[in-house]
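This report refers to the structure that appears directly beneath it.
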Amino acid sequence: MSGPDGRPAGADPTLILSMTLRVEQDIFVVRQRGREVADAVGFEHQDQIRIATALSEVGRLLLSCGSPADVAFFAQTGGLRPVLRIEVRPAAAVRVGDLPGGHLAAVGRLVDTLEMDDDETAMVVRMSRRFPTTAPSLSPERIAELRAELEASLPGTPLDELAVQNEQLLTALEQVRTHRDHLARLNEELEETNRGVMALYGQLSEELEETNRGVVALYAELDEKSSQLRAASEAKSRFLANVSHELRAPVTAIIGLGRLMADAASDPLTPEQTTHVELIRSSAADLLSLVNDLLDLAKAESGRIEPNWSDVDLRMVFGQLRGTLRALSTPDVRLEVEDPPAPSVIRADEVLLTRVLRNLLHNGLKFTESGEVRMRAETVAGGWRVSVVDTGPGIPAELHQRIFEEFYQVPGTAKAGTGLGLPYARRLAGLLGGSLELTSEPGRGSTFTLVLPVAGDGA
Ligand code: ADP
């Protein structure tokens, strides 16, 4: 058994309504029916107008080609989302090529799909639009009901449809006006926001400029202060160098004269005079060592010490130090100088390196009451670590940097000294391309570590 559209009755898609388009006035009817069908199956107002407009446009085109047409509406409920299908079949032999394609493409945008096919006798235009998700579900019974209702309702006159169209036009115009007002409001808001942003931007720019000016001024001040500092430091070094140089000659003379006075070949002195002369001599010797230290430091600071680079064998340096400082070890404090692992040749200034290590060993022996002072060397990536480890009193962590400052001595260390040895040793370590570090804590001895690059700076 076949339905009126030639499809098996009751199968999906199911016919909802069919009609014929013969004369121009029928276009209004087709449009009205299209809207009614769309409304009946659950499309919203806007979609109803889209579908009705698309349908009336296709009808108008076919009529302009001189062909009446059959129009049929189907509900296809089998897929994921039900679809409204509309088929328009011209009665005369109109072919796809007879229709203006550009216009139909525009009409196609009103629906989900619009296809045109030529079959043997004529063509067919198929349109479809998916039901909105809000549409009520359509059972075959409900479709049959709708069909009955639609067939019973008589299509209105073209004038009725015109009135409806006018009303729709007015509604559309109203919507356009509302949109335009809304847009104008949005524009105003946007302009205001823009003005706000520009004001903020201006304010920020000003603040930035001001900050920049401040930073520039600060830098200028910093530059000035650091050049003043540099000048002051140079003046200090010059002063130290000059004063120590000038002091050295008279102090050496005092020591010489003292020695002469105490000499057995000179006139004999009373015991009291001998004591005084001895006091003068030892004070002058202390002063000379201070003057010498000052002179060394001033030279190192002024950059006037140029390392004399050569290949230095650490074993030899260690051997010499072992020999010269052995005299300072006591029964209570042993001096242990371990031989460095071979090969132990580095690029350095032998005199400066010896001075640094002698200074560290000297301090170790001076401040250690019992135990040992040990020097050893090991290779590390790209260099050597020479450590002088003692079992002396140790130094609190908060003073680890201070003892490298000029004239600083740990309070309570009642040993003769100038407080210039470590700052000098650190400067020399820097000149040799290395560094001098300390690890120590009170009661656990001290370890001074000289790190030296194999290549030095003069490679
Ligand atoms: P000086 O030995 O002439 O006093 P230094 O610059 O060599 O001057 O040392 C500064 C101070 O650091 C010393 O006075 C001493 O307080 C402390 N110090 C240096 N070496 C040691 C050490 N091996 N053990 C404990 N304290 C030390």
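Quick note: the coordinates plus some simple rules give every number you see, no bench work behind them. Owing to the predicted nature of the structure, the values given are computational and were not obtained by experimental measurement. Counting neighbours? That spans all protein chains shown, and the Cβs are built from the backbone with ideal geometry, glycine included.
If we sort 126-134, 58-66 on the protection proxy, mean other Cβ atoms within 10 Å, highest first, what's the order?
58-66, 126-134
So for the chain, what are the equivalent ellipsoid semi-axes in whole Å, largest first, each being the square root of 5 times an eigenvalue of the Cα gyration tensor?
116, 29, 20
When a footprinting reagent is the concern and you count Cβ atoms within 10 Å, what order do PHE448, PHE74, PHE367 take, fewest first?
Starting with the residue having the fewest Cβ neighbours, the order is PHE367, PHE74, PHE448.
I'm checking a number: the convex hull volume of the Cα atoms of the stretch 388-455, normalised per residue, in Å³. What is it?
Taking the convex hull of the Cα positions in the stretch 388-455, it is 85 Å³ per residue.
Looking at the square roots a ≥ b ≥ c of the eigenvalues of the Cα gyration tensor of the stretch 88-143, which shape do they give, rounded for a/c under 1.5, prolate if a/b is larger than b/c, or oblate?
Judged from the Cα gyration tensor, the stretch 88-143 comes out oblate (a/c at least 1.5, b/c at or above a/b).
Let me have the relative contact order for the chain, percent, based on Cα pairs under 8 Å that are six or more residues apart.
Here the relative contact order equals 9 percent.
Using the C-alpha gyration tensor of the stretch 237-363, what are the square roots of 5 times its eigenvalues, in whole angstrom, with the largest one first?
One finds semi-axes of 35, 23, 11 Å for the stretch 237-363.
Give the share of C-alpha pairs in each 5 angstrom bin for the stretch 22-177, from 0 to the last occupied bin, in whole percents, shortest bins first.
So the P(r) values, bin by bin, are 2, 9, 18, 21, 21, 16, 10, 4, 0, 0.
Given q = 0.19 Å⁻¹, what are the Debye log10 I(q)/I(0) values for the stretch 313-430, with equal point scatterers placed on the Cα positions and solvent ignored?
With no solvent term, the Cα-only Debye profile gives -1.12.
So what are the radius of gyration and Dmax for the Cα set of the stretch 119-257, in Å?
47.3, 146
Rounded to the nearest 500 deg cm²/dmol, what is the calculated helix-only ellipticity per residue at 222 nm for the chain, with -39500 (n - 2.57) per DSSP H run of length n ≥ 4?
Counting only the DSSP helices, I get -18500 deg cm²/dmol.
Which ordering of VAL277, VAL107 is given by a fewest-first count of other beta-carbon atoms within 10 Å?
The fewest-first ordering by Cβ neighbours comes to VAL277, VAL107.
Arrange ARG376, ARG402 by Cβ neighbour counts within 10 Å, fewest through most, would you?
Result, fewest neighbours first: ARG402, ARG376.
For the stretch 242-271 and the stretch 330-389, what is the separation of their C-alpha centers, rounded to whole Å?
35
I want the local charge near GLU338. Using Cβ-Cβ distances under 10 Å, sum +1 for each Lys or Arg and -1 for each Asp or Glu among the other residues.
Neighbour charge sum, excluding GLU338 itself: 0.
Measuring from centroid to centroid over Cα atoms, what is the spacing of the stretch 285-309 and the stretch 80-152 in Å?
Cα centroid of the stretch 285-309 versus Cα centroid of the stretch 80-152: 106 Å apart.
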